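Right, one structure below, let's go through it.
The values are calculated or read from the model by the stated rules, or taken from the named source; none is laboratory data. None of these values were measured; they are calculated from a predicted model. Neighbour counts are summed over all protein chains in view; Cβ atoms, including those assigned to glycine, are modelled from backbone coordinates with ideal geometry.
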Amino acid sequence: MDLLTMSRKELSRIEVMGRLQEKRMTQKVAAKIMGVSERQVKRLWKRYREKGVSGLVSGRRGKPSNNRMRADKVQAAVDWLHRRYADFGPTLACEKLVEEHKLKLSVGSVRKIMIEEELWKPKKGRKVGVHQMRERRACFGELVQVDGSPYDWFEGRAAECTLLVFIDDATGKLGQLLFVKSESFFSYCRATEGYLARHGKPVAFYSDKHGVFRVNQPAAGSSDALTQFGRAMQALDIQIICANTPQAKGRVERVNQTLQDRLPKELRLRGISDWQAGNAFLPEFMDDFNRRFAVQPRSQYDAHRPLSPQDNPARLFTWQETRILSKNLTLQFNKVVYQILTERPSYAMRHAPVTVCLDDQGNITILYKGKPFNYTVFHQQAKQSQVVQSKQIDQALLNQSKAHKPTPNHPWRNRFATPLSNCRDYPPLGDISTSRD
């Protein structure tokens with residue numbers, strides 16, 4: 001006796017065919033019950049009368065699908081996956097197979113192949129914390145999320161660095177990418193200057209609570225103090241908003257994960273092994289990324305504003321501090337004493353406030369009422385300990401082999417002298433270890 005393998009749908013059709021045979025049901029009603037056309041019911045009824053129950057079994061059962069992939073295409077995909085894309089994700093690997101090797105496969109097919117070849121492990125479902133959803137902004141340039149992502153972007157071919165990421169909230173477009181040594185005032189100034197040149201001034205930047213954007217420990221009575229970057233953005237009329245949690249700026253956090261997956265592989269495929277070549281490649285990468293992942297904003301209005309003639313990024317993106325001139329027209333900045341050179345009478349400039357501007361190349365400009373002063377270096381002090389933020393510790397420790405050493409005439413190198421002239425039992429002057437003998 002032969003055994004028939006039937007699906008649940010085919011089993012349910014046996015009862016319908018039985019009712020048709022007993023003329024207890026019309027073919028029109030049978031078509032509605034089975035969810036097929038009347039024409040299909042006629043074909044099923046004919047096979048049932050000719051072959052019985054076996055006529056209701058699908059003739060494709062046990063045969064390969066007509067839509068299956070060709071064996072040579074699957075083999076080519078397997079070869080390329082093992083050869084060049086073994087550590088790629090299914091989505092990125094599918095893009096490369098289609099673009100570079102003309103293998104038209106779906107992401108699901110590539111994922112299935114990679115799982116069978118043990119090149120990809122499906123992620124297990126995990127419980128994710130629930131966070132309140134925030135709708136995208138309506139206009140391009142209304143809100144730009146900013147963050148730095150330290151990572152081994154060159155996979156050991158170059159020193160680890162940080163990628164500064166600017167992404168528009170409304171469209172998901174990458175507005176600026178830049179490889180820098182670390183997150184600092186000058187590195188964010190370079191990235192912002194490139195963004196302004198490309199798009200113009202956005203309405204607001206959305207960042208974390210990094211010390212570049214926010215004074216985290218304000219002095220008493222100065223809760224509204226600005227950082228150097230905040231001062232520059234205030235002059236450009238760009239608002240800085242600091243997120244309270246990483247989830248609040250989730251768009252830039254998620255794109256950081258995507259970039260950490262895609263960008264190192266793109267750099268590897270192009271043989272890029274240094275920051276300069278990487279920064280030269282980033283505009284091309286941004287255009288391709290935006291073409292794939294950017295979305296249309298709800299409004300077609302571009303909220304970016306052009307730079308005005310009064311805006312001077314080269315002057316604004318400098319470290320600026322105010323100093324008061326002494327009686328002999330000197331000032332101290334960064335452990336260096338500068339002597340002002342002016343043809344004005346010295347008494348006219350005494351106690352005048354001036355602005356000291358330091359650029360990313362270490363050049364000093366001293367401004368008085370917006371105009372530069374000539375100066376000379378009068379005295380340079382020895383370097384001492386300085387405060388380093390937690391995110392800058394790794395960078396500060398890179399040059400420990402060239403750590404500060406006291407100068408030859410430093411008091412620590414001399415014998416300590418203690419004034420003991422008022423003591424009766426000891427000589428007037430002498431070393432602290434001098435004995436009475």
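Tell me, please, whether a residue that is surrounded by 15 or more Cβ atoms within 10 Å (Cβ to Cβ), within 26 Å of A170 (Cα to Cα) and in contact (Cβ under 8 Å) with a residue 40 or more places away in the chain can be found in the stretch 271-280. Explain how you work it out, then say what you get.
Pass one, the stretch 271-280, residues surrounded by 15 or more Cβ atoms within 10 Å (Cβ to Cβ): 272, 275, 277-279.
Okay, now just the ones that are also within 26 Å of A170 (Cα to Cα), so 279.
Pick out the ones that are also in contact (Cβ under 8 Å) with a residue 40 or more places away in the chain and you get 279.
Looking through the stretch 271-280, at least one residue is surrounded by 15 or more Cβ atoms within 10 Å (Cβ to Cβ), within 26 Å of A170 (Cα to Cα) and in contact (Cβ under 8 Å) with a residue 40 or more places away in the chain.
In the stretch 331-381, of all residues being touching a residue at least 40 places away in the same chain (Cβ under 8 Å) and assigned to a loop (DSSP other than H, G, I, E, B), the one that is nearest to the chain's Cα centre (by Cα) corresponds to D360. Which ones in the stretch 140-169 are aliphatic (A, V, I, L, M) and in contact with a Leu (Cβ under 7 Å, 6 or more places away or on another chain)? Matches in the stretch 140-169: L163, L164, V165, I167. Given the conditions (1) closer than 15 Å to F185 by Cβ; (2) surrounded by 15 or more Cβ atoms within 10 Å (Cβ to Cβ), report the number of the one that E253 does not fulfil. Condition not satisfied by E253: (1).
Just one of V36, V16, V57, V110 is of a type outside the set (S, T, Y) and in contact with a Cys (Cβ under 6 Å, 6 or more places away or on another chain); which is it?
Working: V36 fails: in contact with a Cys (Cβ under 6 Å, 6 or more places away or on another chain); V16 fails: in contact with a Cys (Cβ under 6 Å, 6 or more places away or on another chain); V57 fails: in contact with a Cys (Cβ under 6 Å, 6 or more places away or on another chain).
Going through V36, V16, V57, V110 in turn, just one is of a type outside the set (S, T, Y) and in contact with a Cys (Cβ under 6 Å, 6 or more places away or on another chain): V110.
Scanning the stretch 161-217 for residues being under 23 Å from Q320 (Cα atoms), of a type in the set (D, E, K, R) and not in a loop (DSSP other than H, G, I, E, B) gives a total of 3.
Pick out the one residue from A314, A294 that is hydrophobic (A, V, I, L, M, F, W, C), loosely packed, with under 12 Cβ neighbours inside 10 Å and closer than 30 Å to A170 by Cβ.
Details: A294 fails: loosely packed, with under 12 Cβ neighbours inside 10 Å.
The match here is A314.
The residue that is nearest to the chain's Cα centre (by Cα), among those in the stretch 1-56 that are hydroxyl-bearing (S, T, Y) and surrounded by 13 or more Cβ atoms within 10 Å (Cβ to Cβ), is S12. Taking each residue of the stretch 220-236 that is modelled with pLDDT of 80 or more and looking for partners that are exposed (fewer than 14 other Cβ atoms within 10 Å of the Cβ) and not in a loop (DSSP other than H, G, I, E, B) with beta-carbon atoms closer than 7 Å, six or more apart or interchain, yields L226/Q234. Which number in (1) exposed (fewer than 12 other Cβ atoms within 10 Å of the Cβ); (2) in contact (Cβ under 8 Å) with a residue 40 or more places away in the chain; (3) within 22 Å of the chain's Cα centre (by Cα) marks the one condition that P306 misses? Answer for P306: the failing condition is (3).
Results for (1) assigned to a helix (DSSP H, G or I); (2) within 16 Å of the chain's Cα centre (by Cα); (3) among the hydroxyl-bearing types (S, T, Y), shown as yes or no for each residue.
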site: A225; (1), (2), (3): no, no, no
site: Q276; (1), (2), (3): yes, no, no
site: N279; (1), (2), (3): yes, yes, no
site: L282; (1), (2), (3): yes, yes, no
site: F289; (1), (2), (3): yes, yes, no
site: P297; (1), (2), (3): no, no, no
site: T322; (1), (2), (3): no, no, yes
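Of all residues in the stretch 138-168, count the ones that are aliphatic (A, V, I, L, M), without any contact (Cβ under 8 Å) to a residue 60 or more places away in the chain and within 18 Å of E193 (Cβ to Cβ). So the answer is 1.
Residues that are hydrophobic (A, V, I, L, M, F, W, C), assigned by TED's automatic domain parsing to the domain that holds Q257 and under 19 Å from V255 (Cα atoms) do occur in the stretch 180-198, at least one of them. Is it the case, given these coordinates, that D224 is within 18 Å of I241 (Cβ to Cβ), acidic (D, E) and buried (at least 17 other Cβ atoms within 10 Å of the Cβ)? Answer is no for this residue.
Based on this model, can you work out whether D261 counts as assigned by TED's automatic domain parsing to the domain that holds S149, assigned to a loop (DSSP other than H, G, I, E, B) and touching a residue at least 24 places away in the same chain (Cβ under 8 Å)? So D261 fails the test.
Every residue, every condition in (1) loosely packed, with under 15 Cβ neighbours inside 10 Å; (2) more than 28 Å from A314 (Cβ to Cβ); (3) touching a Phe, Trp or Tyr at 6+ places or on another chain (Cβ under 8 Å), yes or no:
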| site | (1), (2), (3) |
| --- | --- |
| S149 | no, no, no |
| E155 | yes, yes, no |
| A170 | no, yes, yes |
| V203 | no, no, no |
